[in-house]
Amino acid sequence: MSRFQRVIESNERLFWTLHSAGWAGFAIIYYIGSFLHDVRPIWVFIIMLNAYAGWLLTIPLRYIYRWARKQSPLNMIIIVIVSCYLIALLWAVVKNINYWEIYKHGYRPDEWYMYFTNTINSLIMVGCWSGVYFGIKNFQMLQKEKQNALKASTMAHQAHIKMLRYQLNPHFLFNTLNAISTLILLKENDTAEAMVSRLSDFLRYSLDNDPIKRVPLGQEIKALRLYLEIEKVRFDDRLEVLWDIDEGCESALVPSMILQPIIENSIKHAISKMENGGRIAITARTFGNDLLMDVADNGPGADIKDGTLSRENGVGLANIKERLQSLYHRNFAFSIEHNQPSGVRVRIRIPYEVKDV
């Protein structure tokens, strides 16, 4: 049995248990209340019939409310009020008939509207049932959101470990340290010292930022510049970087280290394969309530099937999509496309959010 089926079965069991227990409680309270009046023993049977009628009549409300929750708030309120009133009206008629037929030995009122007496009392009871139903549903929704947040936190921390394994892999560190060693041998100590400082700052940024927390894009760009300055020492004029960051985007919150694996992928599989080097273009702009980020290279390109890049080796791009899913659920877009005239383009769309002051 799948987890989804188990959840449905658990919800079904919870509903029927609470539904039955609620109406049983109603019958018990109703029976205790009858001690205040001098009634015949047959009154107990009427109480049981009324409770059973309420049990039956409120079952359709579950399915009506399930549908109503998918409507707009105004429509949902109208549907709930109308449904409550109709069920209460019907239940009031049933209770009156039970009372007249059994307790009054077939009594019939002179006026038709007498069948709807005590509708207010019935409406209060059905309203209480509806309130408990929506209260439990909202509580379940809140618990689900908490579980999703916990799952997102767990996935993000796992992704952080994989991200570091990918981003700060021995290959990257080896190339960087080898470049520093070469600079020292060439007695370019100032350049080597600057490169060590950039590497230190980049490593500190990578390790200090919690992946579940979002950082301003401007802060992320500073880390990317550190990384690219390190790579520029290796590639010299073979690596060209173009920045196009719209004003206002730098304050937008983004997951930390979300663009670096994309850029490293471009360097590894595009720039390093080109004899004369290549170009990486990094853009960010707002569109409505969204932040759009774009990383494109002019390399030899790659096979892209179903949004998957065949040239990728590791967890980099898959890790990004996993992190976006855990943080934004369905409110994001991540695509890998062919760049024109050549190369690969990676696009990310997330909600535009800024840090509260």
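The values are calculated or read from the model by the stated rules, or taken from the named source; none is laboratory data. All values derive from a computational prediction rather than experimental measurement. Positions of Cβ are generated from backbone atoms using ideal geometry, with glycine treated the same way; all protein chains shown enter the neighbour counts. Keep in mind that these areas ignore ligands, DNA and RNA; they rest on the heavy atoms of the full protein, side chains included. Shrake-Rupley method; radii C 1.70, N 1.55, O 1.52, S 1.80 Å.
Considering the stretch 104-134, and only residues there that are at pLDDT below 85 and part of a helix (DSSP H, G or I), the residue that is most open to solvent (accessible area, probe 1.4 Å) turns out to be Trp112. Are any residues in the stretch 65-103 over 33 Å from the mean Cα position of the chain (by Cα) and open to solvent by 80 Å² or more (accessible area, probe 1.4 Å), and if so, which ones? Result: Tyr85, Leu86, Leu90, Glu101. If you filter the stretch 9-51 down to residues that are modelled with pLDDT under 75 and hydrophobic (A, V, I, L, M, F, W, C), you find that the one that is nearest to Val93 (Cα to Cα) is Val39.
Taken as a whole, the structure places Ile64 among residues that are closer than 22 Å to Leu123 by Cα and at pLDDT 90 or above. A residue that is assigned to a loop (DSSP other than H, G, I, E, B) and closer than 25 Å to Ser342 by Cα can be found somewhere in the stretch 234-254. Scanning the stretch 137-151 for any residue that is more than 30 Å from Val196 (Cβ to Cβ) and either modelled with pLDDT under 65 or hydroxyl-bearing (Ser, Thr, Tyr) (or both) turns up nothing. Go through the residues of the stretch 143-150 one by one and say whether even a single one is farther than 21 Å from Tyr30 by Cα, open to solvent by 40 Å² or more (accessible area, probe 1.4 Å) and touching a helix residue (DSSP H, G or I) at 6+ places or on another chain (Cβ under 9 Å). Yes, some residue in the stretch 143-150 is farther than 21 Å from Tyr30 by Cα, open to solvent by 40 Å² or more (accessible area, probe 1.4 Å) and touching a helix residue (DSSP H, G or I) at 6+ places or on another chain (Cβ under 9 Å). On the given criteria, is Glu250 closer than 17 Å to Thr286 by Cβ, in contact with a helix residue (DSSP H, G or I) (Cβ under 9 Å, 6 or more places away or on another chain) and free of Cβ contacts under 8 Å to residues at least 60 places away in the same chain? Taking the combined requirement at face value, the residue satisfies it.
Only residues that are open to solvent by less than 60 Å² (accessible area, probe 1.4 Å) and under 23 Å from Lys104 (Cβ atoms) were counted in the stretch 18-43, giving 6.
Within the stretch 207-233, being hydrophobic (A, V, I, L, M, F, W, C) and outside any loop (DSSP other than H, G, I, E, B) holds for Leu207, Val215, Leu217, Ile221, Ala223, Leu224, Leu226, Leu228, Ile230, Val233.
So that you can scan it fast, the table gives a plain yes or no per residue for (1) of a type in the set (Gly, Ala, Ser); (2) open to solvent by 10 Å² or more (accessible area, probe 1.4 Å):
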| site | (1), (2) |
| --- | --- |
| Val233 | no, yes |
| Asp236 | no, yes |
| Leu242 | no, yes |
| Leu253 | no, yes |
| Met257 | no, no |
| Lys268 | no, yes |
| Ala281 | yes, yes |
| Asn289 | no, yes |
